[in-house]
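Heads up: the structure comes next, in structure tokens.
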Amino acid sequence: IPVQMFPAVRDHDLHFNQISLKEKKRIRYKKVAEGSDREIPADEIVKGWQVGKGHYVVLDDSELEKLAARKTHTMEIVDFVALDQIDPLYFDQPYYLAPAENAGRSFDLFFAALEKSGRVAIAQWVMRTKEILGAIRPLNGGLCVETMRYADEVVKPEEVGAKHHVEVKQRELAIAQQLIDAMSADFDPAKYKDDYRERVLAYLDQKAKGEGELVIDEDWGDQPARAGKVMDLMAALEESLKSAGGGKAAARSASHRGPRAQIAQRKAPARAARTATRKK
């Protein structure tokens with residue numbers, strides 16, 4: 001079935017350019033060989049695989065294309081599996097599939113058969129010289145393919161010391177389950193916002209307008225740091241349960257703060273007025 005593949009998500013990351021403060025110009029990067037200032041043109045650059053110190057096996061794009069030729073333009077379906085058998089850890093990047101010219105009937109037949117089966121199609125193909133694993137599934141009246149990680153790309157919890165190994169107390173577990181019940185809600189993706197991105201964009205907008213000296217609210221949407229070990233786990237659980245109010249809590253359940261992150265209930269921050277304010 002001839003298809004076209006389109007990204008199913010948008011990149012909303014903030015991308016900054018590097019500027020020379022003295023020269024007032026953008027910083028550009030040149031590809032140069034070690035020990036030389038001459039910029040190397042693209043047609044002189046090949047890929048190298050290091051086999052020893054200072055020793056490389058080189059490959060050009062034509063060689064890689066020949067190695068990948070068998071599946072370059074074909075998504076070859078190898079299995080049909082139940083979606084709930086695939087751990088989300090294996091999913092990477094979603095794309096929409098659309099029928100190419102004159103492929104509408106076969107595309108629609110595949111969609112209908114896949115939807116009725118209740119399964120997803122596992123496929124392999126080559127994209128940018130790499131063999132890709134993916135899961136094709138019906139979604140919102142169309143087809144979506146999720147690229148996937150291979151088994152040897154997924155790190156096991158025990159490799160990084162992340163596996164559960166402490167027996168929990170039943171009373172603590174009961175309170176923790178009550179907290180989960182109190183904060184349970186139907187998943188609504190529109191409910192969750194990138195607070196940092198909104199804050200930076202609002203600040204940049206005011207700064208671009210030259211609206212005088214700006215003050216950044218240091219406490220915006222932040223939680224007080226918790227130093228050291230939590231000594232009274234029951235007290236912490238009960239405090240969180242009380243904060244949840246015994247009902248649906250409009251809060252995020254996890255706040256990532258780097259390698260030593262804490263998992264904590266997070267209250268929704270006030271946004272617009274506190275984003276970036278001007279001194280009066």
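With each pseudo-label sitting 7 Å past Cα toward Cβ, what's the Asp181-Arg38 distance in nm, one decimal?
Rounded to a tenth, the inter-label distance reads 7.5 nm.
Starting from segment 6-73, pick out the GluC sites (Glu not before Pro) whose DSSP state is loop and whose Cβ has at most 11 other Cβ atoms within 10 Å. Provide the component values of the computation, followed by the final result.
Working: sites: Glu23, Glu34, Glu39, Glu44, Glu63, Glu65; in loops: Glu23, Glu34.
When the GluC sites (Glu not before Pro) of segment 6-73 are filtered for loop state and at most 11 Cβ neighbours within 10 Å, Glu23, Glu34 remain.
Computing the accessible area with a 1.4 Å probe over protein heavy atoms, can you report the carbon and sulfur percentage for segment 159-212?
Working: 2420 of 4450 Å².
Taking all protein chains in place, segment 159-212 shows 54 percent carbon and sulfur surface.
Segment 83-175: which GluC sites (Glu not before Pro) are DSSP loop and have at most 11 other beta-carbon atoms within 10 angstrom? Before the final figure, lay out each step's value.
Details: sites: Glu101, Glu115, Glu131, Glu146, Glu153, Glu158, Glu159, Glu167, Glu172; in loops: Glu101, Glu167.
For GluC sites (Glu not before Pro) across segment 83-175 that sit outside H, G, I, E and B with at most 11 neighbouring Cβ atoms in 10 Å, the list reads Glu101, Glu167.
Which FRET efficiency, nearest 0.05, do Asp188 and Ala8 yield, Cβ-Cβ r, R0 22 Å? Display every interim value, and only then the final one.
Working: r = 19 Å, r/R0 = 0.84.
That gives a FRET efficiency of 0.75.
Find the Rg to Rh ratio for segment 59-131, where Rh is the Kirkwood radius over alpha-carbon pairs and Rg uses the same atoms. Numbers along the way, then the final one.
Values: Rg = 15.0 Å, Rh = 14.6 Å.
Result for segment 59-131 is an Rg/Rh of 1.03.
Taking 0.36 nm per residue of separation and subtracting the Cα-Cα distance, what length does fully extending Leu109 through Asp232 add? Each step should come with its number before you reach the end.
Details: separation 123, 0.36 × 123 = 44.28 nm, distance 5.92 nm.
Full-extension gain reported as 38.4 nm.
In square angstrom, what is the accessible area per residue of segment 66-214 with a 1.4 angstrom probe?
The answer is 71 Å² per residue.
Would you mind classifying segment 97-214 by shape? Square roots of the alpha carbon gyration tensor eigenvalues, ordered a ≥ b ≥ c; an a/c under 1.5 is rounded, otherwise it is prolate if a/b is larger than b/c and oblate if not. Walk me through the numbers on the way to the answer.
Working: a/c = 1.84, a/b = 1.18, b/c = 1.56.
Cα axes put segment 97-214 in the oblate bin.
May I ask you to give the average projected area over all directions of the convex hull of the Cα atoms of segment 23-151, in nm² rounded to one decimal?
14.0 nm²
The values are calculated or read from the model by the stated rules, or taken from the named source; none is laboratory data. Source: prediction; values computed, not measured. Glycine also receives a Cβ, built like all others from the backbone with ideal geometry; neighbour counts cover every protein chain displayed. For the accessible areas, the whole protein counts, side chains as well, though only heavy atoms, and no ligand, DNA or RNA atoms are used. Shrake-Rupley method; radii C 1.70, N 1.55, O 1.52, S 1.80 Å.
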